Amino acid sequence: MKTSRLKALVNLLDDPDHLVFNTVKNELLKTKTDIIPILEEKWEQSYDELFQERIGNLIQDVQFKETRSLLKKWIDSESNDLLEGFLIIDRFQYPDLNRAVILQKIEKINKTVWLELNNSLTMLEKATILNHFLYSVHSFSVNHAHPKSPQNCYINQILQTKRGNPVSISLLYTILARRLGLPAQLTDFPKNPLVAIIDSDIAQKVHGEIPGSKVLFYINPSNKGSVASRKEVEYYLKKNEYIPCKKYTEPKKDQLFVKRLIESLRDSYLSQGFTDKKIKTDSLLNCFPAE
C-alpha cells in the first residue's frame, strides 16, 4: 500500500462513525509493521484523546499481528531455535525489544561457564559447573515471591531480575546448556519441565537394554539444577500416579515448551484480571498443532 493511501486512511481514524472507523481499521491491519512510524507520527501531532487512543490500540494490534505471524513461521520451520521462540514471546509485551542486548547477556553468562570447561570433563561435571555459575554466581531462581507475575515469562526481564517461573528458567537453562555443547532436551514433567541430558551409547551402558533409555540423567532447573536418575524420576511419577511414565520422561520438541511458556503467560495475565491479554495469548496458542 502506498504511503499516501496509508496516511489518508490514518486521517479517517477519528471519524465518529464506528462503521467507518472499523472499515478503516480492518484495512490498515492488512498492512505490515511499516505503518507504525506513520501512526506514531500522527499520535504525536494530535491532541485529540479519542484519536490518540485509537492509534495506540491500532499500533498494538499491528504489532500483535506481526508477533503471531513470526510465531507461526517459527512453529512451521524445520529447525526451531529455542532462543528465537523465546524472543518471539518477548515481542508480545516488548515489540521494540533490543535483541542484541539479550544475546550479549546470554553470551556473557555462557562465556563465564565455558572458560571453566574442558574436554576431559564428563557431562555430569559440565552440568555441575553450569549449575554453579547459573545459581550461585548469577543467582537465578524461580520467583517464589511473585509466582504469577507475567514478567516471569519474558527473557529480557528474567535476565535483568534473575527471576522466572519453572518453564522459563528451564528454557534458559536448556539454551545455555546447548551453547556449551551439552546434548540437552526438555521433558514435559508435571508442574515443571526437566532437562534431559542425552547420550544413547553411555545411557545404554548405564541402564542396559531398556527401550527409550537414551536419557543419561535429568536436571531440575527449578531446584538449582539438582540431578536425578531415571529410576528416581520414574519412582516419583509412579508414586504420584502419572502414567504412562514415558509421557513425562522422554524428550519432546522445543515448540511444546514455548507453548507451555505461553500457557503460563496466559494464566498469569488471567490471574491479574487482564482479560484482553488472555484473549491474545489464546490466539497465540491456537498457532500450535494439537498435542
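Please arrange Val233, Val258 by how many other C-beta atoms lie within 10 Å of their C-beta, fewest to most.
Val233, Val258
What spacing in nm lies between the two simple spin-label points modelled at Lys73 and Phe288, each 7 Å away from Cα in the Cβ direction?
2.1 nm
Can you give the extra length, in nm with one decimal, that the chain gains between Thr161 and His144 once fully stretched, where that is 0.36 nm per residue apart less the Cα-Cα distance?
4.8 nm
Just subtract the alpha-carbon distance of Lys30 and Lys238 from 0.36 nm times their residue separation and send over the number in nm, one decimal.
Taking 0.36 nm per residue and subtracting the Cα distance, the gain is 69.7 nm.
Mind checking Rg over Rh on the chain, alpha carbons, Kirkwood formula for Rh?
1.06
Evaluate E = 1/(1 + (r/R0)^6) for Asp96 and Val137, where r is the Cβ-Cβ distance and R0 equals 41 Å; express this FRET efficiency to the nearest 0.05.
My answer for the efficiency is 0.85.
Whole angstrom only: what separates the Cα centroid of the range 48-86 from the Cα centroid of the range 206-285?
About 26 Å separates the Cα centre of the range 48-86 from the one of the range 206-285.
Apply 1/(1 + (r/R0)^6) to the Cβ-Cβ distance of Leu124 and Ile279, taking R0 = 41 Å, and write down the FRET efficiency to the nearest 0.05.
So the FRET efficiency works out to roughly 0.40.
Going through the cross-link list Lys105/Lys148; Lys148/Lys280; Lys72/Lys105; Lys111/Lys191, which pairs have a Cα-Cα distance over 29 Å in this structure?
Beyond 29 Å between Cα atoms: Lys111/Lys191.
Given labels modelled 7 Å from the Cα in the Cβ direction, how far is it in nm from Lys111 to Ser4?
Each label point lies 7 Å from its Cα, and together they span 5.2 nm.
Net charge near Asn131, counting Lys/Arg +1 and Asp/Glu -1 over other residues with Cβ under 11 Å of its Cβ?
Details: positive: Lys126, Lys224; negative: Glu125.
Net local charge, Asn131 excluded: +1.
Please give the contour-minus-distance gain from Glu41 to Asp201: 0.36 nm per residue of separation, less the Cα-Cα distance, rounded to one decimal in nm.
Additional length available on full extension: 51.5 nm.
Sort Tyr269, Tyr135 so the one with the fewest other Cβ atoms within 10 Å of its own Cβ comes first.
Tyr135, Tyr269
Angle between the Cα long axis of helix 254-271 and the longest principal axis of the chain, 0 to 90 degrees, nearest 10?
The answer is roughly 60 degrees.
Pairing the Cα long axis of helix 36-45 with the longest principal axis of the chain, what angle in degrees results, from 0 to 90 and rounded to the nearest 10?
50 degrees
Rounded to the nearest 0.05, what FRET efficiency do Asp48 and Leu19 give with R0 = 22 Å and r taken as the Cβ-Cβ distance? Could you check?
0.70
If amide H atoms are built 1.01 Å from N in the plane of the peptide, which residues on other chains or at least 5 residues away come under 5 Å of the amide H of Leu194?
Thr187, Phe189
Could you tell me how many degrees, from 0 to 90 and to the nearest 10, lie between the Cα long axis of helix 275-285 and the main elongation axis, the longest principal axis, of the Cα atoms of the chain?
So the helix axis and the longest Cα principal axis differ by about 60 degrees.
Bear in mind that the values in this text are calculations on the coordinates, not laboratory data. Quantities reported herein were computed from a predicted structural model and do not represent experimental measurements. Quick reminder, even Gly has a Cβ in these numbers, built from the backbone with ideal geometry, and neighbours come from all protein chains shown.
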